[in-house]
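**Q** One structure coming up, written as structure tokens, with questions to follow.
Throughout, read-outs are computed from the coordinates displayed, never taken from laboratory work. This structure is a prediction, so every number in the text was calculated from the model and none was measured. For neighbour counting, all protein chains shown are included, and Cβ atoms are generated from backbone atoms with ideal geometry for every residue, glycine included.
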Amino acid sequence: MDKPAAPATADGWEPKIVAFFCNWCTYLAADLAGTSRMKYAPNTRVIRVMCSGRVDPQFVLEALAHGADGVLIGGCHPGDCHYQSGNYKALRRFRLLKRMLLAFGIEDERVRLEWISAAEADKLRDVVNEMVAQVKALGPARLGTPPEDWAVGLEEEADEEVEGVTV
Ligand code: FES
């Protein structure tokens, strides 16, 4: 029996989760969950990478900066990486990234790393549901600035600088 996904918030807001899934394990688990008709929260937008070690911390920061409320990274279990040590590198980067997020004042619970093998569709479902519930409890990240607002901010800053200058 599928566990229910977290209910929508009072205002109907739903978190957007960007998910980087390793081609050889977690992506296949998501595929299996789909073909097994498992129900889980539809909030993830999956990006397939060849290995969790391919996920540069910059990708995570960019996802958050462009409006994601959370980022999930899925890789092969330790010892099962198809590139031998990619997932160990991912783990080291992930630990540093979490410290960096906290230094920026961003809740580190918005980013999660999980080892999910191709056969663990049920784990994938549970992790996605848990993460969606966790990010819902945190609320929107609001880190993304829509591109149309960039110029407005810059114009205001430029005006302030000009006002401060005496000619
Ligand atoms: S190939 Fe899956 S984590 Fe490296």
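**Q** Please list, ordered by chain and number, the residues whose modelled amide H lies under 5 Å from the amide H of W115; skip anything fewer than 5 residues away on the same chain.
**A** Under 5 Å from the amide H of W115: G75.
**Q** Taking a threshold of 26 Å on the Cα-Cα distance, which of the pairs K16/K98; K98/K136; K16/K123 fall above it?
**A** Where the Cα-Cα span goes over 26 Å, no listed pair is concerned, since all stay within it.
**Q** According to a simple spin-label model (label point 7 Å from Cα along Cα-to-Cβ), what is the distance in nm between D108 and K39?
**A** Here the modelled spin labels are 3.6 nm apart.
**Q** Here's a follow-up. Are there any chymotrypsin sites (Phe, Trp or Tyr not before Pro) in region 82-128 that are in a DSSP loop and have at most 14 other Cβ atoms within 10 Å? List them by number.
**A** F104
**Q** Taking square-rooted eigenvalues a ≥ b ≥ c of the alpha carbon gyration tensor, is region 11-116 rounded, prolate or oblate, where a/c under 1.5 means rounded and, failing that, a/b exceeding b/c means prolate?
**A** Taking the square roots of the gyration eigenvalues as a ≥ b ≥ c, region 11-116 is oblate.
**Q** Label point 7 Å out from A133 along Cα-to-Cβ: which residues of region 35-79 have amide N under 14 Å?
**A** Counting only backbone N, you get 40-41.
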